[in-house]
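Let me begin by presenting the structure, written as structure tokens, before commenting on it.
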Amino acid sequence: MRRHFMLPLLCMLFLSCALTARAEKVRFGLREAAPLVETTPDGKLRGVEYELLAAIFAAAGMEMEPYIGSNARLALAAGEGTIDGFAPVVGPPPDGLILTDSYITYRNVAITLISRNIQLETPGDLTGLRVLAFQRASKVLGAEFAAAVANSEDYREEPVQALQAKGLLFGRYDVLIGESRVLQYHIGQVLAAGGDPVRSLPIVEHRLFPPNLYCAAFRDPALVARFNDALRRVKADGTYDAIMARYDATQ
């Protein structure tokens, strides 16, 4: 009799575990921005930001189901409930989503061509120039930047960094605004595709902005708490620094 009783109980436990495992999957939005997040030829994701997030998710006992989109698309999908969360959050989070602690620092810079000899000391110096920035830049780079580009007919926000690089190199824009590693990567890619051996990039970086500390966001407060706890643990056990060091060595 006991054996017959145990069988359905074991089945129920197995079903409960299976449901719990499925509940651990989190539909999570990512912005593809090589070399921080990029898709390999075999369809997998890689990059320092992706690896940091993957390590945090693993430490939290969560399985990431990636959803790739632009900054604006991720915010819209999160607001609609299509995804459970996303990163990085550029600008204010959508209604109903809660920010995590910061998991990565971006070095947003202004980039010009050496040959143009453009002098930039403050964001206000961008007034009157043709500026191409990342999506939602005017919402996160401060009031002085927003005022400098507010009335410019030649200011545009472009979600595709490869097109940003071409805009500068082909003379359509005077200044690029974006994350240093991302813009340098794409400028190098465009030059290499044109046959340039890329011994050095023909650009100047102007550090007009303080570092930006970016967060993830989730709709469920419990996921925020798990993410933050896992972030603290991967920093404490050396995982975070090891990932950063490995990518810094390849830059």
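The values are calculated or read from the model by the stated rules, or taken from the named source; none is laboratory data. Remember, predicted model here, so these are calculated numbers, not experimental data. In this analysis, Cβ positions are derived from the backbone assuming ideal geometry, glycine residues included, and neighbour counts consider all displayed protein chains. These area figures cover heavy atoms from the full protein model, side chains too; ligands, DNA and RNA do not enter into them. Shrake-Rupley method; radii C 1.70, N 1.55, O 1.52, S 1.80 Å.
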Here the relative contact order (percent) of the chain, from C-alpha pairs under 8 Å and at least 6 apart, is 26 percent
Where Cα atoms sit under 25 Å apart: lysine pairs in the chain separated by 8 or more or lying on different chains: 4
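Give the dimensionless ratio obtained when the Cα radius of gyration of the stretch 180-251 is divided by 2.2 N^0.38 Å.
In units of the globular-protein estimate, the stretch 180-251 measures up at 1.60.
Could you sort M62, M244 by their accessible area in this structure, using a 1.4 Å probe and putting the largest first? Working shown, then result.
Details: M62 15, M244 40 Å².
Accessible-area ranking of M62, M244, largest first: M244, M62.
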In whole Å, what is the distance between the alpha-carbon centres of the stretch 154-187 and the stretch 20-77? 24 Å
Once phi for every residue in the stretch 58-72 is put through the Karplus expression 6.51 cos²θ - 1.76 cosθ + 1.60 (θ = phi - 60°), the whole-Hz ³J(HN,Hα) values, with Gly and Pro written as x, are 4, 5, 7, x, 10, 10, 7, 10, x, 10, 9, x, 6, 3, 5
Solvent exposure, largest accessible area first (probe 1.4 Å, DNA, RNA and ligands not counted), of Y106, Y155: Y155, Y106
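Give, in whole angstrom and from largest to smallest, the semi-axes √(5λ) of the equivalent ellipsoid of the stretch 71-186, with λ running over the eigenvalues of the Cα gyration tensor. Provide the component values of the computation, followed by the final result.
Numbers: eigenvalues 152, 45, 34 Å².
Taking √(5λ) for each eigenvalue gives 28, 15, 13 Å, largest first.
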Net charge of Cβ neighbours under 10 Å - reference G128; Lys, Arg +1; Asp, Glu -1: -2
Ignoring everything but the protein chains, give the 1.4 Å probe accessible area of S138 in square angstrom, nearest 10. 50 Å²
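Can you work out D for the chain in µm² s⁻¹ from Stokes-Einstein, where Rh is the Kirkwood radius over C-alpha pairs, the temperature is 25 °C and the viscosity is 0.890 mPa s? Don't jump to the answer; show the numbers that get you there.
Details: Rh = 20.1 Å.
Value of D from the Cα-based Kirkwood radius: 122 µm²/s.
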Considering only the chain, what is the antiparallel percent among its DSSP beta bridges, to the nearest 5? 55 percent
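Quick one: accessible area per residue over the stretch 103-251, 1.4 Å probe, rounded to a whole number of Å²?
For the stretch 103-251, the per-residue accessible area is 50 Å².
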Where does the chain land at 222 nm, in deg cm²/dmol rounded to the nearest 500, when only DSSP H runs of n ≥ 4 count, each adding -39500 (n - 2.57), divided by all residues? -12500 deg cm²/dmol
Under 5 Å between amide hydrogens, which residues at least 5 positions from Q135 or on another chain qualify, with H placed 1.01 Å from N in the peptide plane? E158
Amide H to amide H, which residues 5 or more places from A217 or on other chains are under 5 Å from it, using H placed in the peptide plane? F86, T100
Summed side-chain charge close to V109 - residues other than V109 whose Cβ falls under 9 Å, Lys, Arg +1, Asp, Glu -1: 0
Roll a 1.4 angstrom probe over the protein heavy atoms and tell me the percent of accessible area of the chain that is carbon or sulfur. 56 percent
